[in-house]
Amino acid sequence: MRRILIALQALLIPLLMSAQINMSVNGRAELDPQDNDARSYYALKDANDLDCAIIKVSLNNPVNGTLVLQTKGGSATVKTEKQTNGEWWFWVSPVVTNIMFSCEGYTPTPYVGVTLKGKSVYRMKLTVDAAVATVTTFTLGSSVMKLNVTPPDATVFYGRTPDCDMGSRTLSDGLFEEFLDNGTYYYRIESRFYEKLSGKYEVNEHSREVSVSLTPAFSYLGLDSSPQGADVYVNGRFIGTTPLAKSDKVRKGESVRVEFRLKDYYIEPITVNVVGDGKVQKVPTVNLRPQFGWVTCLCDDPEAELVVSDATKEIARGKSGMRVKLNSGGTTYKLESLRPSHHSQAQGIKGSMIEGKDVELRVESPVPIYGGLQLTSTPSRARVFIDGVEVGTTALSQRVLIGRHTVELKLSGYHLDPFTINIEEGQTTQISKALISGPKIVGGTLKVTTGKESMADIKVFNSKISRTGYSPFSANLPAGYYNVEAKKSGFRTATGSVKVNEGKVTNLDLKLHKEWNLVDWKWSWEENEFAKHFFDFDFAIREDDVAVGFEYAYCKKHLGVYARYLFSVDEESTSISAGPVFRLTCDYRKLDWQVYAGAGNMYGYPGVEFGTRLGWHSSDFSWFDFGIGLQTMEYEVVPVISVGLGIALFPYYILFAGF
């Protein structure tokens with residue numbers, strides 16, 4: 001039996017050897033400056049927190065298995081990924097100096113030298129001989145290599161040699177398993193923030209799962225600053241804001257650079273020796289140096305306005321005692337005192353002198369600029385007030401600040417409106433005023449508008465004063481009562497009364513309404529400005545008889561209706577008629593002229609009638625009217641006379657009609 005196995009082995013060895021296919025590297029790793037994959041979405045870091053380079057490998061023939069990249073001179077491959085286009089991508093630390101490729105069933109390539117930079121993409125071509133024969137055998141003596149790894153996201157490398165060049169796998173759950181021929185294998189486990197761990201594993205039918213825990217190579221940092229709120233960067237990577245009780249993981253190292261950055265403070269770098277025991281490492285509180293100072297601005301003149309500025313802009317403005325925060329450094333600031341009609345004064349201060357300090361800075365008071373004023377009045381000895389302050393009596397010669405001032409002259413029995421003067425630097429202004437005898441009439445202002453219309457003739461008058469103008473109208477008037485009229489062509493005259501109060505503005509709006517004509521049927525005046533209801537006594541003269549009766553008419557604005565009843569005395573017959581009313585006039589408060597026409601049963605015969613009515617104003621609500629018309633029926637024409645009363649506010653007043 002042993003002879004048979006030896007013979008079978010001797011037969012298989014040449015076949016297996018013939019299955020090895022050659023691989024060779026075609027050229028060196030070429031940098032692809034146009035490829036940004038290593039610095040964008042596909043960017044990764046190695047176990048030392050360094051940015052990886054990506055080596056993209058193109059094969060002329062596909063391989064049946066996993067292409068493995070082995071390294072010298074640094075950490076192992078961070079990640080391997082086969083793309084859909086057949087390329088193999090390898091994420092490699094920039095410290096790697098030599099690489100080789102291997103694949104189960106293929107002859108490994110020799111090591112080739114590389115020079116890599118982080119966040120860069122390199123391209124290589126790998127020549128693989130095509131497979132010419134495939135030998136499939138059933139080999140006894142294989143088993144499973146099982147590892148339980150902590151942390152669960154570690155990468156496991158394995159192989160027949162300590163280089164672990166057979167393959168690798170990045171785990172997600174910490175469980176590694178691989179079917180392998182019986183024998184001795186080497187493994188190496190790597191994970192970011194952990195120490196590398198290497199070991200041996202015997203693969204046989206009795207192999208058991210081995211639990212492996214990597215030693216932490218990181219610490220959590222406890223960081224704080226004074227003042228708090230600073231952004232913290234470790235080796236250029238942002239990890240949080242102070243106070244930071246527990247930061248992200250920071251890799252173990254002798255010279256980890258930690259920077260604290262806060263607005264208006266200097267960047268404060270420190271070097272921390274990270275222990276790397278997986279625990280929180282407390283770092284002493286870092287005191288940040290302010291890049292500013294506080295300046296209290298002072299001036300002996302409390303009315304002066306203080307302005308702080310630099311060479312390009314104004315920074316602050318206020319009164320004496322204001323406190324300003326200024327950045328330090330090489331900037332020079334100017335504190336200036338300002339006041340109208342004064343020469344400004346300034347004081348400079350360098351930012352480097354106030355860094356981290358609270359200082360007071362005093363500036364001289366603004367210097368007044370004067371001119372001269374010589375003032376006389378008729379009569380003399382009037383009291384003089386300049387900007388509300390009494391300065392003497394006329395004749396007056398005095399030094400006055402330049403600029404515009406309001407002057408008042410007061411003398412018993414006289415008056416004069418205040419006036420304005422303009423004083424210029426180094427010049428004397430001479431003014432003479434004549435006071436007006438008698439007390440000043442104090443009134444108010446009246447403003448008259450005419451709705452949406454303008455340029456209407458406005459007349460404001462009472463028994464003593466009359467003023468005219470155009471709308472919108474404004475005039476200063478003595479206090480009292482006034483009548484106001486507004487007239488404009490094509491509109492009804494609008495009137496009103498108003499009281500002007502002393503020292504106040506009184507507003508009056510008189511709305512103008514268009515006059516009606518046969519073309520314009522738009523009305524906007526109030527309904528109760530004219531009569532609407534008419535009650536008349538009627539008297540008709542027939543050939544041998546007379547008729548008496550009454551009439552009612554209703555006319556709103558220009559159109560209306562009427563009804564009439566007459567009783568013939570001798571014949572004892574009646575006439576009942578009705579019809580429309582048409583009003584011809586617009587200004588009803590002066591004259592009311594109407595025409596009517598109707599039809600009905602007139603003394604037993606059908607007939608028609610027409611006539612007119614003329615009315616005039618009697619009081620605020622009533623009218624007296626007189627009418628005359630004709631009735632026609634058969635061959636008879638009957639004149640009808642009507643006298644009555646028209647009212648506007650019906651039915652709120654008792655009505656009487658008839659003569």
Of (1) surrounded by fewer than 14 Cβ atoms within 10 Å (Cβ to Cβ); (2) of a type outside the set (D, E, K, R); (3) under 58 Å from the mean Cα position of the chain (by Cα); (4) farther than 21 Å from T170 by Cβ, Q83 satisfies every one except (4)
Filter region 207-228 down to the residues that are within 20 Å of I270 (Cα to Cα) and of a type in the set (D, E) and list them by number. D224
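Let's see how each residue does on (1) surrounded by 19 or more Cβ atoms within 10 Å (Cβ to Cβ); (2) touching an Asp or Glu at 6+ places or on another chain (Cβ under 6 Å):
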| site | (1), (2) |
| --- | --- |
| T97 | no, no |
| F101 | yes, no |
| P108 | no, no |
| Y111 | no, no |
| K119 | no, yes |
Of these, T406, T420, T450, which one is more than 18 Å from G388 (Cβ to Cβ) and of a type outside the set (A, V, I, L, M, F, W, C)? T450
Go through region 213-263 and give me each residue that's in contact (Cβ under 8 Å) with a residue 12 or more places away in the chain, of a type in the set (K, R), more than 30 Å from G199 (Cα to Cα) and outside any strand (DSSP E or B). K246
Which of the following residues is outside any loop (DSSP other than H, G, I, E, B) and out of contact with any Lys or Arg (no Cβ under 6 Å at 6 or more places or on another chain): S337, S380? S337
The residue that is surrounded by the fewest Cβ atoms within 10 Å (Cβ to Cβ), considering only those in region 572-592 that are at pLDDT 85 or above and either among the aromatic types (F, W, Y) or not in a strand (DSSP E or B) (or both), is F582
For the structure I just gave you, tell me whether F157 is modelled with pLDDT of 85 or more and of a type in the set (A, V, I, L, M, F, W, C). yes
Kindly evaluate T77 against the criterion of being more than 30 Å from S213 (Cβ to Cβ) and at pLDDT below 85. no
Just a yes or no: is a residue in region 193-204 β-branched (V, I, T), crowded, with 19+ Cβ neighbours inside 10 Å and in contact with a strand residue (DSSP E or B) (Cβ under 7 Å, 6 or more places away or on another chain)? yes
Within region 470-501, residues modelled with pLDDT under 90, out of contact with any Ser or Thr (no Cβ under 9 Å at 6 or more places or on another chain) and on the phi < 0 side of the Ramachandran plot come out as P478, A479, S489, R492
Those residues of region 634-659 which are modelled with pLDDT of 80 or more and surrounded by 15 or more Cβ atoms within 10 Å (Cβ to Cβ), in sequence order: V638, V640, I641, S642, V643, G644
So, E425, is that one out of contact with any Leu (no Cβ under 9 Å at 6 or more places or on another chain), outside any strand (DSSP E or B) and within 22 Å of D310 (Cα to Cα) or not? no
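The values are calculated or read from the model by the stated rules, or taken from the named source; none is laboratory data. The shown structure was predicted, so the numbers you read here are calculated from the model rather than taken from an experiment. As a convention, Cβ positions derive from the backbone with ideal geometry for all residues, glycine included, and neighbour counts pool all protein chains shown.
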